[in-house]
Amino acid sequence: MQLGTTLANRYLIQDVIGVGGMGSVYRARDLHFPNVVKLVAVKEMINQAADAATRLTIVQNFEREANILATLHHTAIPRIYDYFTQNNHSFLVLELVNGKDLESILSEADGFFEEDQVVGWAIELCDVLAYLHNHKPEPIIFRDMKPSNVMINASGHVVLVDFGIAKPFQTGQKGTMIGTEGYSPPEQYRGEASIAADIYALGATLHHLLTRRDPRLEAPFSFNERPIRKINPGVSADLEMIINTALQYNAEDRFKNIDAFKESLVGLARKTGLLSRLGTTAIQSSSAIKPLWTFQCEDELRGTPLVYNGMVYTGCYDNNLYALNAADGKFAWKYPTDGGVVTRPAAFEGNIYIGSQDHRLHTINARSGKVAWTYYTEGPIHSSPRIAENHAFFGSDDKYLHAVNLGTGRASWRFETSAEIWSTPFVTENLVIVGNENGDFYALDFRSSMKWRFQAKRGITASPVVQDRVVYFTALDGMVYALDINNGFVLWRFRMDKPSIVSPCVQDGMVFAGSADNNIYALDARTAKEIWRFRTEHQVSGSPIIYKDALYCGAADGKLYCLEYRTGRLRWKFETKGPITGAPVAFDDIIYFGSTDHFIYALMA
Amino acid sequence: MDFFKRLFGKKDTQPSLPQQPESVVTAPLTEAQLQSIRGAGLRAEPAQLLVGAGQSVGKQRELNEDSLLTLTTTIAGNSGSQPFGLYIIADGMGGHQFGEVASNAAIRVMAGYIMRKFHDYLFNLQSAALNESLQEVMQDAINEAQRVVLREAPGSGTTLTAALVFGQQVTIGHVGDSRAYFLYRDGRSEVITRDHSLVKRLEELGQITASEAAVHPQRNVLYRALGQGEVLEADIVTVPFPPGGYMLLCSDGLWGVVNEETLKRLVFDGPSLEASCQNLIGAANVAGGPDNISAVLVQLHI
């Protein structure tokens, strides 16, 4: 393909970065982002098969790779952005990995790699394999672990590439053998691919990296005839033993699973002190992050924006609701209320709903910015509307939870609570739940009759979230609570060091929250055990969101933090000039958020 | 005389029973038919827990040192009827003098503590809110059991796997190598607990293989048990009860000799929970019954 070609009206081909059996891999620029240079990898597959059946199989394999990748979110797996077929060419658009593969690094290196270096890579490879093996509904067997399929990116971390043959694994199923000779275990040659095969191939890869002896040039399964320490005496006996376990001829003699493999490596790393050094990684400096666009309002932005039909809507303390073009931040309209707007807008069937300190819920046409109707409460509104069942549910400083019929603009009911409601209700299939400033937490059915009530020791300003029939929220008593949605019983609570108004989010069995003790926390949803905590430079006042493999959260230090959500590792931070109190919102690889410095920002995810 | 006849006589001699016309034949439904009726997706209203349990001393031990407890009820309230169940298995340690005392004391203390916490909910009209979370109640109950076992049966030890089902959530407290399994409706199974045994640890670390672990001479050595050591770190976890599936609690007298596939088959194919428990225990005894066997099988009907 000619350099300079534009594919699908979107991807400008800039360079060839690899050549494979079926076609080339290109570096391309995504022209959908005119204001920034977004580079992607475009993998081309030319279908030259003579007969139709084979051609179809090839296209199916290609689409399978795309579909597998699309379901995966891991820092060590390239993200998939797009795939399409033109004539006899299929294309996969992937995250561009800026780095080199291990085979090239090995061949360019002068001597042996340091043991620490290899163990560090090995632990990360175990991590990503564990992620694949734990994939639901079926484990994914990578099946092609070898140095040339492992990239080391610019910050020194591993990225697995070439999912051409990774396929969902069904136990006992015999498949066609497509592993790489030299790295594959004996059973893979019989057409069996399993978790144990990936363990063996990782062992083989590590053996190759430590000994520089290419297994493809040796007799199959002859690793034990080339003891690592005989070739490279610098390797510890412990590591040799671990790799030998992975390389056992019989699958049942190897590590039982990749976690056991990893645990052995971590045990070794802990002994040598490597583990404490592993955490430090290159961090993208905040100056490197350029917003796609910014927009200045006339006062503080304290709430959370909304993205709806290509527009960003945000309330502002200058009394207005703003509508901006999501792609470039261009101003569309603003709608003035008579009070500060700190709530998050909600959208439903072409209308935007927002509460204001002027005591009103305003209903505004999303295109024109014209008001349709307003609904009056007897106090300022700090609780954001939640739209469900053709109603807007929200609280007010008049202590009532309001259920307003969107068709009539009138209340279907109001429910009186013991205090002002700042928390945003959450609506499940049959319940409306909300907390108030007195620390009471209510679960009502759709007819406003109370199903259960819970009391925290202090106010609940945070908004609840429900996942797998468990309600999570934080409170000013410094706790993260997990309540059974069916009966309000506390399943567990986790004590943070200071009060919290942070609305938690939940992903992959982890609960994320923050507190005035400056930390962002990740907790195990089942055991309430802390998985990691990340210390910001001031109170955590904003709420976190998870988008793809990252957590985004603003803090009172004015920074928006981007962390790897599984590890809490800082990826980048972006500084604004005022505390961030709302949550960011992510859409189409762009993160939108407001700051009390009066600006709304759009950053690349 | 008629009176005694009626009491002790065989059915066919009882003249008082109405004679059925010979043409009517009511063959009992086969188990397969019953199963298909049960599996027809009838919704249980209110949600309820079904329980089976069984124990056997096994074929090689003289004493039964396992203890088990099952308590099942429902709590009615504003939020509807909530199933409530407490299920505990404890395996007293074979080598110790007071193995039986330890497992029994652990279960009594634990159940007593938890029932006191829930007393108002279960037996009083006015129910005050629980001050602690369910995980905290579980933790405190285990600590209490630990104190009592240390005092009442010094030098002994016991495993403890307790499951508190409330609504559709299960909170599990666990020490030692008894196990809680979840058997899902789609045929999957999962060990929810982690054995606190030396060989399991060696296996996790890759020092020995699963097959070596199964025959390892030290496979009964625990590194964590109730009654052992001053500080006890129990595993506590809250998980949703597998919808339409089962929870199996058992001592190593069962899981150590009957493989997971067989466990699964016996549970899924069983005509009733009680029968499944007996079949599980039978399978362990057929395999030699080297240790005491205890099993509690629970199903949540929703």
Restricting to segment A:176-219, and then to whatever is buried (at least 23 other Cβ atoms within 10 Å of the Cβ) and among the aromatic types (Phe, Trp, Tyr), can you tell me which residue is modelled with the highest pLDDT? A:200
If you take the residues in segment A:322-375 that are assigned to a strand (DSSP E or B) and touching a Lys or Arg at 6+ places or on another chain (Cβ under 6 Å), which one is farthest from residue A:591 (Cα to Cα)? A:374
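Of all residues being closer than 20 Å to residue A:482 by Cβ and either within 32 Å of the chain's Cα centre (by Cα) or among the hydrophobic types (A, V, I, L, M, F, W, C) (or both) in segment A:445-458, which is surrounded by the fewest Cβ atoms within 10 Å (Cβ to Cβ)? Just the residue, please. Outline the logic, then answer.
In the first step, residues of segment A:445-458 are kept if they are closer than 20 Å to residue A:482 by Cβ; the result is A:451-458.
Now drop any that are not either within 32 Å of the chain's Cα centre (by Cα) or among the hydrophobic types (A, V, I, L, M, F, W, C) (or both), which leaves A:452, A:454, A:456, A:458.
Values: A:452: 22, A:454: 22, A:456: 22, A:458: 16.
Looking at residues that are closer than 20 Å to residue A:482 by Cβ and either within 32 Å of the chain's Cα centre (by Cα) or among the hydrophobic types (A, V, I, L, M, F, W, C) (or both), I get A:458.
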Positions within segment A:564-599 being of a type in the set (A, V, I, L, M) and buried (at least 24 other Cβ atoms within 10 Å of the Cβ), in sequence order: A:580
Can you tell me which residue is surrounded by the most Cβ atoms within 10 Å (Cβ to Cβ) among those in segment B:230-272 that are within 17 Å of residue B:301 (Cα to Cα) and within 14 Å of chain A (Cβ to nearest Cβ)? B:241
Which of the strands (runs of 3 or more DSSP E) contained wholly in segment A:1-72 include at least 1 residues that are of a type in the set (Gly, Ala, Ser) and touching a residue at least 40 places away in the same chain (Cβ under 8 Å)? A:24-30, A:39-46
Among the residues of segment A:380-398, count how many are part of a loop (DSSP other than H, G, I, E, B), within 21 Å of residue A:471 (Cβ to Cβ) and modelled with pLDDT of 95 or more. 4
Within segment A:220-266, which residues are at pLDDT below 90, under 23 Å from residue A:187 (Cβ atoms) and of a type in the set (A, V, I, L, M)? A:251
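Residues checked against (1) within 13 Å of another protein chain (Cβ to nearest Cβ); (2) surrounded by fewer than 22 Cβ atoms within 10 Å (Cβ to Cβ); (3) acidic (Asp, Glu):
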{"residue": "A:479", "(1), (2), (3)": "yes, no, no"}
{"residue": "A:488", "(1), (2), (3)": "yes, no, no"}
{"residue": "A:493", "(1), (2), (3)": "yes, yes, no"}
{"residue": "A:506", "(1), (2), (3)": "no, yes, no"}
{"residue": "A:516", "(1), (2), (3)": "no, yes, no"}
{"residue": "A:530", "(1), (2), (3)": "no, yes, yes"}
{"residue": "A:535", "(1), (2), (3)": "no, yes, no"}
{"residue": "A:538", "(1), (2), (3)": "no, yes, no"}
{"residue": "A:541", "(1), (2), (3)": "no, no, no"}
When only residues in segment A:557-605 that are more than 28 Å from residue A:422 (Cα to Cα), among the acidic types (Asp, Glu) and part of a loop (DSSP other than H, G, I, E, B) count, which is farthest from the chain's Cα centre (by Cα)? A:588
Can you tell me which residue in segment A:73-91 is surrounded by the fewest Cβ atoms within 10 Å (Cβ to Cβ), limited to those that are assigned to a loop (DSSP other than H, G, I, E, B) and not aliphatic (A, V, I, L, M)? A:87
I'd like the full set of residues that are over 16 Å from residue B:53 (Cα atoms), more than 14 Å from every other protein chain (Cβ to nearest Cβ) and assigned to a loop (DSSP other than H, G, I, E, B), limited to segment B:150-181. B:153, B:154, B:155, B:156, B:157, B:159, B:176, B:177
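Could you pull out the residue among A:369, A:407 that is without any contact (Cβ under 8 Å) to a residue 24 or more places away in the chain, away from every other protein chain (no Cβ under 14 Å) and either farther than 26 Å from residue A:504 by Cα or of a type in the set (A, V, I, L, M, F, W, C) (or both)? If you could, list the steps in order and put the result at the bottom.
Values: A:369 fails: without any contact (Cβ under 8 Å) to a residue 24 or more places away in the chain.
From the options A:369, A:407, the qualifying one is A:407.
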Among helices (runs of 4 or more DSSP H) entirely inside segment B:242-302, those with 2 or more residues being over 22 Å from residue B:159 (Cα atoms) are B:260-269, B:273-286
The number of residues in segment A:239-261 that are out of contact with any helix residue (DSSP H, G or I) (no Cβ under 7 Å at 6 or more places or on another chain) and at the interface with chain B (Cβ under 7 Å from one of its Cβ atoms) is 2
Condition check: among the basic types (Lys, Arg) and in contact (Cβ under 8 Å) with a residue 24 or more places away in the chain. Does residue A:344 satisfy that? yes
Any residue at all in segment A:541-551 that's farther than 21 Å from residue A:304 by Cα and modelled with pLDDT of 95 or more? no
Hits in segment A:554-566 (condition: in contact (Cβ under 8 Å) with a residue 40 or more places away in the chain and over 19 Å from residue A:290 (Cβ atoms)): A:555, A:563, A:564, A:565, A:566
What number goes with the only condition from (1) closer than 25 Å to residue B:53 by Cα; (2) within 13 Å of chain A (Cβ to nearest Cβ); (3) surrounded by 22 or more Cβ atoms within 10 Å (Cβ to Cβ); (4) not β-branched (Val, Ile, Thr) that residue B:90 does not pass? (2)
Looking at segment A:462-469, can you tell me whether even one residue there is within 23 Å of residue B:165 (Cα to Cα) and among the aliphatic types (A, V, I, L, M)? yes
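Looking only at residues in segment B:121-141 that are assigned to a helix (DSSP H, G or I) and away from chain A (no Cβ under 14 Å), which one is farthest from the chain's Cα centre (by Cα)?
B:123
The values are calculated or read from the model by the stated rules, or taken from the named source; none is laboratory data. None of the values given here were measured: they were computed from a predicted structure. Reconstructed Cβ throughout: ideal geometry from the backbone, glycine too, with neighbour counts over all protein chains shown.
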